[in-house]
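**Q** Submitted below is the structure of interest, expressed as structure tokens.
The values are calculated or read from the model by the stated rules, or taken from the named source; none is laboratory data. Given the structure is predicted, the values throughout are model-derived calculations rather than measurements. In this analysis, Cβ positions are derived from the backbone assuming ideal geometry, glycine residues included, and neighbour counts consider all displayed protein chains. Side chains are part of the model used for accessible areas, which takes the heavy atoms of the whole protein and leaves out ligands, DNA and RNA. Shrake-Rupley method; radii C 1.70, N 1.55, O 1.52, S 1.80 Å.
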Amino acid sequence: MAERRRPAVSAALSGLTLAALVVLVFALPRALPGDPLAALDDPTSGVAITDPELRERVLAHYGLDQPLPEQFAGYVGGLATGDLGWSIARNAPVSGLVAAHLPWTLLLMGPALLLSTAASYVLGILAAWHRGRTGDRVALVGLTALRAIPEYVLATLLLIAFAVLLPVLPVGGARTPFAEHGSGLAALADVGAHLVLPLATLTLSLTATLFLLQRHTVVAVLGADHMLLAEAKGLPLRRRQFVHAGRSALLPLLTAVGLQVAFAAQGAVFVEAVFAYPGMGSLLLEAVAARDYPVLEGAFLVLALVVLAVNLLVDLAARWVDPRSAAS
Amino acid sequence: MTRPTRRSSLAGLLVVLVVALLACEGAVRSPDDDATAGAEGARIDADADGQAAGDADGDDVGGDAAPARVDRLRLAGGQWGSPTPFGYVRGPGMIKAGLVFDTLLWRDVDGETIPWLAESWEVADDGLTWRFTLREDARWHDGEPLTAADVVFSHDYIAEGPGGAAGVPHVGRVLGAPIAEVAAEDERTVVFELEEPMASFETDVAGLWGMLVIPEHVWGDVEDPARYRDDDAFVGSGPYRLVEHDEAAGSYLFEAHDAHVLGSPLVGEVAFVPVDDEPRALARGALDVAEVALEQGVPEAQVDALAADFAVVEERGQWNMALHTNLEAGFPFDERAFRQALAHAIDRADLVDRLLLGRGEPGSTGGLAPANAWSADGLPAYEGGPEAAAELLDGLGLVDADGDGWRQLPDGEPFAIDLLASARYDTRTPELVAEQLAKVGLAVEPDVRDPADADERARAGEYALALIGYGDVGADPDVLRLRYTGEPQAFSAAHGFAHERVDELAERQRRAVDDDERAAALDELQAILAEELPVLSLYVPSQLGFFDPGAFDAFAATPGCPPCGLSRNKLMHVTGATTLER
Amino acid sequence: MSAHPTDAAAPEGGLRALWASPTARVGLGLLGAVALLALLGPLLLAHGPRELVAAPLAPPSAGLPLGANAVGQDLAAQLAAGARTSLAVALLAGAGTVALGGTIGLAAGWFGGTVEAATMRVVDLALVVPRLPLLVLVGAYLGPSTPLIAATISLVFWPGTARIVRAQTRSLRTRAHVRASRGFGAGARHVMRRHLLPELALVLAAALVAAASRAVLLEAGLAFLGLGDPTGASWGRTLRDAIEFSGLFYTPAWQWWLLPPTLAISALLIGLTLTGVGLEGGSNPRTSRHRPGATP
């Protein structure tokens, strides 16, 4: 692997990636048509900034009256000191917004990714092994059908089923507002109850995607030499299934999981929207709609760093799983 | 929980639709029949999980019984910033800041201006001097006395200090007012001297949309007010104090400030709870009142189902969807006959029936909501249909010469234009409008863009025809001046419309010292607008709400205050009534 | 594929095997049904998707096989028009993603070294690029038309495909038989065609199916968020209208408003997936020879 031999080159490339990212999150929002100060207008109430002089003052307040290079310098300077700026549409510090939204996203994404990876690993191997049999067909058709339902429809149906028709779970949010819980455990249970439906939706749809990939790749390695060898050696079935076949198929699965992080991070937008879950997805979507440059810059950068970090972990895991791919 | 509710002549504004004939246990509240609502409501238990411990014990026998204290009222929340005078966001944020900070005057649900921090006020005959007398014993939450000097400071902090750079609504109103000077005559008397009379002064400076009064001893040395979030930033004089705010979730909890100058508020806690779908949350017991979103058609089946368990309140709306024609786009948009033809061709009653499922009304051609007290009567409604439209279009030379079913411009060029619309609203509206215009041979293609893009194009006038939604048609009629005169500044401004008489009348109504003079100017102004039609108000959705009358039952819309909705005028929370006895 | 005799065999065998597989036949059947709906639907139906032809929420009847939505538009007409949008997005975005991602991933995996490092950095960057603003950006600039949405989806999805293809290529490259071929002095082109492409065909087919399915879902999702083509008919838009109609589940209208587009999306995606599954048998002869399920 190139990175191993030339750490300097690798570091330079990583630095370059980061730098490009910083430029991108600055430039991309500003390339969008639309006016960030329009976020202060309120069509529903009929309120708008109608005074040109006030407009100038507010622009100056947010530093948007300066030429782009100076705005960029201010942005990079802020980053260096850990200051992500001030949201125009939410009238709050971006770092505070990220700190308030990110934990909910991690709480939703982390378990969803782990659960779906584990489920699809096991199900994928079993289905491939019993390819063509009833179990495989049921899993294939079932999960394909599941994956074939848009997340927001699935979320809506689950919501109607378990929060409206059979009202056992909360209709939305991440916790009951202002509830006074007797103990920490009760508060935890409250958070858990709110997490069930969003987590189920996301896990189901991630599992469906990963399962198909896992099944595909296990099918592909079943005929490989080491599998034939393992069978010839008379190794136990479970060992052949989950160690030999599974290990070979783990590499593509891990790659796919790495990809799912980025998708889940923003794909959760739908789930968050239906369940009014206060994660990063809703923060970003609103920021896009409002052209809230500071939030877009700050939140995208944080999210991008999270995705980069997870991908790095996946890369390391892939090297550990398949040392041959790193040895050449 | 009934009490006599004073209804002024504006009571006609409050229309409640009764849908509970079949719903035996349902309670339907009607402004003409409050006693029934109270009695019915008393039979309904407070909501399921017992969180809203509204007093539902049915012991309220007569209108004279003192309203019982409501422990907690749960309303729909959202991310509207921090409820400090400069940290809130847009109209709904202003409502929340308004719980903590008071204005001199306020407004009841009849649209009447009522005393608030000021116990009385007077305006000189020339309309230039406004004198307010503050209530005795007005105090800040920290116990410091609230004086006329604080009021003066509140104004100067915006007009001359750092407050003017905050992009919150009340700052814009104060800066836009022709105020020469604000001075304290004594501890309790404050005088505003104007450069010219301002008819909307009570609303835009002293009242509902006006200046939040802030304590000088806190803000005196604050340089960056929007970002000031210390504990002191939440010290106001209002009836509530902020207890908890979850920025990410959009939840707020306010508790009553018992030492408020108007007395201990009736509602002990006002909680704003984030929900996705208000009627659904109400049905689950997570809210005490659910307001139906704008443009949301509500089928009878849903109203019936909800009316079985909840009371229904429906009032005429304050928001409209309007068709703007940019006169700068040239022929035929600059032709009055063309704009009138559009008005004939678009069946606005059909739009109400389809988009709102009948819960709303066609807009007034004069530019104000039909329910606005200032809305003129007897304006043309342009109900001539396709025939009348065709006649006008033919007269302009817009004819279908080649017989393909579509009209061409007089020079034979095809007439095909885009209809700008925002994806913020129902995207079927432009489709319906295009379909109706197709019936008279006008080829119009919806051009729906994402909200920020559409707003920017609307503001800049980059359109020939645009559908624009806004909620100021129920507001003070000075909005007509902002919309139709001067350089267009807001997304809701008319483009390319210049009319000397309109300019004159707009100025006259703005400076009118008495209501009759103002009404005369506004009637003529609206008559001209209804004739010229640079903007055609298409429809105004009703404000529809469902609530648990056992928890609280004083819900009503406040004219000129869309963010007040049916449940967020703080007057209701303070007194439990929809008006303030003077 | 070129006319080279050795590589012509793989795809032909693939197609034959594809048709031989019952799974694939079901998949192709579903795809065919959606295609028929897209091609013939608008011709057979009396109304356009925008026309106001009935009372709000009118139930299905002879002239209106799927009833009407809340404003009285023909939902069958919307379903047929939406089929065109979804199929077009699936084809265009799927092909675009595989062409872009497959080429880049193959190059990176095959050449390794600096080429790989550099391309993977680009991939890393592309993977963390904020996608939503990218889609909004293109949509707002160019007008959100179906081909542009498909192109944007390709731009968004290629890095994922590139990664998978790179990983697979790298793995295959190190396998014994490839090493052996190279050891015997076989040219790179030969090794790529004879060994890599047939084995990669599976991965590419899977990627195509995945990209097409995702594109269909993403298009529907964008429409749901109001970021799609707001004036064109699409299944996602019909779904959005339905879900945003808060009274949906209080009336029977959800049966003809919410269900048909959901089922249509499902049919298309299941069709794609089953076709992809069927491809396995044809493109990997060794798995069809060796059926582990058959051994105890």
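**Q** Order these peptides, B:422-429, A:238-245, A:130-137, A:176-183, by their mean beta-carbon neighbour count within 10 angstrom, highest first. Display every interim value, and only then the final one.
**A** Working: B:422-429: 23.0, A:238-245: 16.6, A:130-137: 15.1, A:176-183: 13.2.
Listed from highest to lowest mean packing, they are B:422-429, A:238-245, A:130-137, A:176-183.
**Q** Not counting ligands, DNA or RNA, and with a 1.4 Å probe, what is B:ASP515's accessible surface area in Å² rounded to the nearest 10?
**A** About 100 Å², ignoring ligands and nucleic acids.
**Q** 5 Å is the cut-off here: which amide hydrogens, built 1.01 Å from N in the peptide plane, fall below it relative to B:VAL540, excluding neighbours closer than 5 in sequence?
**A** Those qualifying (amide H under 5 Å, at least 5 residues apart or on another chain) are B:GLU361, B:GLY363.
**Q** Ok, one more. Given the range B:320-541, what percent of its DSSP beta bridges are antiparallel, to the nearest 5? Could you put the intermediate results ahead of the total?
**A** Details: 15 of 24 bridges.
Here the antiparallel bridges make up roughly 60 percent for the range B:320-541.
**Q** Could you give me the ³J(HN,Hα) list for the range C:81-86, computed from phi with Karplus coefficients 6.51, -1.76, 1.60 and θ = phi - 60°, whole Hz, x at Gly and Pro?
**A** Here the 3J(HN,Hα) series is 5, x, 4, 4, 4, 5 Hz.
**Q** With the dipole of the protein assembly as shown worked out from charges on the C-beta (+1 for Lys and Arg, -1 for Asp and Glu) around the Cα centre, which of B:TYR240, A:LEU16, C:LEU225 lies farthest toward the positive end?
**A** A:LEU16
**Q** Per residue of A:95-104, what is the mean number of Cβ atoms on other protein chains within 10 angstrom of that residue's Cβ?
**A** On the way: counts 0, 3, 3, 1, 2, 4, 3, 1, 1, 2.
Taking the mean over all residues of the peptide, I get 2.
**Q** Relative contact order of the range A:210-252: what whole-number percent is it, with Cα pairs under 8 angstrom and at least 6 residues apart?
**A** Details: 23 pairs, mean separation 23.7, N = 43.
In percent, rounded to a whole number, it is 55.
**Q** Which of A:ALA276, A:ALA230, A:ALA290 moves the most in a Gaussian network model of chain A with Cα springs under 10 Å?
**A** The residue that fluctuates most here is A:ALA230.
**Q** Counting only protein heavy atoms, probe 1.4 Å: which residues of the range A:153-177 lose 30 Å² or more of accessible surface in the full assembly compared with their chain by itself?
**A** A:VAL153, A:THR156, A:LEU157, A:ILE160, A:VAL171, A:ARG175, A:PRO177
**Q** Rounded to the nearest 20 debye, what is the charge dipole size of chain B about its Cα centre when +1 sits on each Lys and Arg Cβ and -1 on each Asp and Glu Cβ? Could you put the intermediate results ahead of the total?
**A** Working: 44 positive and 109 negative charges, 117 e Å.
Its charge dipole is roughly 560 debye.
**Q** Where a ≥ b ≥ c are the square roots of the eigenvalues of the C-alpha gyration tensor, would you call the range B:378-432 rounded, which needs a/c under 1.5, or, failing that, prolate if a/b is larger than b/c, or oblate? Please list the in-between numbers first.
**A** Details: a/c = 2.56, a/b = 1.27, b/c = 2.02.
Since a/c reaches 1.5 but b/c is at least a/b, the shape of the range B:378-432 is classed as oblate.
**Q** Select from the range B:339-433 those GluC sites (Glu not before Pro) which occupy a DSSP coil region and have at most 13 other Cβ atoms within 10 Å, ordered by residue number.
**A** Working: sites: B:GLU383, B:GLU387, B:GLU391, B:GLU431; in loops: B:GLU383.
Qualifying residues, ordered by number: B:GLU383.
**Q** To continue, here is another question. Taking amide hydrogens as modeled 1.01 Å from N in the peptide plane, which residues meet the under 5 Å criterion relative to B:ILE114, leaving out close sequence neighbours?
**A** B:TRP106, B:ARG107, B:ASP108
**Q** Could I ask something else about it? Which of the three applies to chain A, rounded, prolate or oblate, going by the alpha-carbon gyration tensor with a ≥ b ≥ c and a/c under 1.5 meaning rounded? List each step's numbers first, then the result.
**A** Working: a/c = 2.68, a/b = 1.51, b/c = 1.78.
Oblate, since a/c reaches 1.5 and b/c is not below a/b.
**Q** Quote the accessible area belonging to B:THR129 in square angstrom, nearest 10, computed with a 1.4 Å probe and with ligands, DNA and RNA left uncounted.
**A** So the heavy atoms of B:THR129 present about 30 Å² to solvent.
**Q** Which residue, A:ASP315, A:ASP35, A:ASP225, has the most motion in a Gaussian network model of chain A that connects Cα atoms within less than 10 Å?
**A** Of A:ASP315, A:ASP35, A:ASP225, the most mobile in the Gaussian network model is A:ASP225.
**Q** Place +1 on the Cβ of every Lys and Arg and -1 on the Cβ of every Asp and Glu in chain A, take the dipole about the Cα centre, and give the residue among A:GLN241, A:TYR277, A:PHE26 whose Cα lies farthest towards its positive end.
**A** A:GLN241
**Q** Whole number please: convex hull volume per residue of the Cα set in the protein assembly as shown, in Å³? Intermediate results must be reported in sequence, preceding the final value.
**A** Working: hull volume 224.3 nm³, N = 1206.
Hull volume normalised by residue count: 186 Å³.
**Q** Whole-Hz Karplus ³J(HN,Hα) for the range B:356-365, in order, using 6.51 cos²θ - 1.76 cosθ + 1.60 and θ = phi - 60°, x for Gly and Pro?
**A** Each residue's phi maps through the Karplus curve to give 10, 6, x, 8, x, 8, x, x, 8, 6 Hz.
**Q** Another question about this same structure. Normalised radius of gyration for the range A:20-80, please: alpha carbon Rg relative to 2.2 N^0.38 Å, two decimal places. Please list the in-between numbers first.
**A** Values: Rg = 13.8 Å, N = 61, 2.2 N^0.38 = 10.5 Å.
It is 1.31.
**Q** Working with all protein chains in place, sort A:TYR121, B:TYR157 by solvent-accessible area computed with a 1.4 Å probe, largest first. Before the final figure, lay out the partial values.
**A** Working: A:TYR121 50, B:TYR157 10 Å².
Of A:TYR121, B:TYR157, the descending order of accessible area is A:TYR121, B:TYR157.
**Q** Could you tell me the relative contact order of the range A:95-327? Use alpha-carbon pairs under 8 Å, at least six residues apart, and round to a whole percent.
**A** Averaging sequence separation for qualifying contacts and normalising by length gives 30 percent for the range A:95-327.
**Q** Related question: Based solely on its DSSP helices, what 222 nm [θ] is calculated for the protein assembly as shown when runs of n ≥ 4 H residues each add -39,500 (n - 2.57) and the sum is averaged over all residues, nearest 500 deg cm²/dmol?
**A** Details: 42 runs with 601 residues, N = 1206.
The helix contribution divided over the protein assembly as shown gives -16000 deg cm²/dmol.
**Q** Among DSSP beta bridges whose residues both lie in the protein assembly as shown, state the antiparallel percentage, nearest 5.
**A** Details: 58 of 73 bridges.
Here the antiparallel bridges make up roughly 80 percent for the protein assembly as shown.
**Q** Moving to a separate point now. Rounded, prolate or oblate: which one fits chain B, using the alpha carbon gyration tensor with axes a ≥ b ≥ c (rounded when a/c is under 1.5, else prolate when a/b beats b/c, else oblate)?
**A** On the way: a/c = 1.97, a/b = 1.35, b/c = 1.46.
The shape class here is oblate.
**Q** Using the alpha-carbon atoms, what tilt in degrees (0 to 90, nearest 10) does helix B:90-100 show relative to the longest principal axis of chain B?
**A** So the helix axis and the longest Cα principal axis differ by about 10 degrees.
**Q** Give me, ordered by chain and number, the residues 5 or more places off C:VAL71 or on other chains with an amide H under 5 Å from its own placed amide H.
**A** Placed amide hydrogens put C:LEU57 under 5 Å from C:VAL71.
**Q** I would also like to ask the following. Carbon and sulfur atoms: what percent of the 1.4 Å accessible area of the protein assembly as shown do they account for?
**A** Working: 25380 of 43180 Å².
Carbon with sulfur: 59 percent of the solvent-accessible area.
**Q** Something else: Under 25 Å Cα to Cα from B:LYS570, which lysines show up? Leave out anything in the same chain fewer than 8 places away.
**A** The reachable lysines, counting only those whose Cα sits under 25 Å from B:LYS570, are B:LYS96.
**Q** How big a patch of accessible area, both sides summed and in Å² to the nearest 100, lies buried between C and A at a 1.4 Å probe? The partial results should precede the final answer.
**A** Working: alone 15450 and 17820 Å², together 27050 Å².
In total, chains C and A hide about 6200 Å² from solvent.
**Q** Keeping all protein chains in place and using 1.4 angstrom, which order do C:ARG193, B:ARG508 fall into by accessible surface area, from largest down?
**A** Details: C:ARG193 75, B:ARG508 105 Å².
Descending order: B:ARG508, C:ARG193.
**Q** Moving on to the next point. By how many degrees, between 0 and 90 and to the nearest 10, does the Cα long axis of helix B:500-511 differ from the longest principal axis of chain B?
**A** 10 degrees
**Q** Show me, for the range A:77-90, the HN-Hα J-couplings you get by feeding each phi into the Karplus relation (A = 6.51, B = -1.76, C = 1.60, θ = phi - 60°), rounded to Hz, glycine and proline as x.
**A** x, x, 4, 4, 9, x, 9, 8, x, 10, 5, 7, 6, 9
**Q** Right, something else. Please report the accessible area of B:GLU185 (heavy atoms, 1.4 Å probe, ligands and nucleic acids excluded) in Å², nearest 10.
**A** For B:GLU185, solvent-accessible area is about 110 Å².
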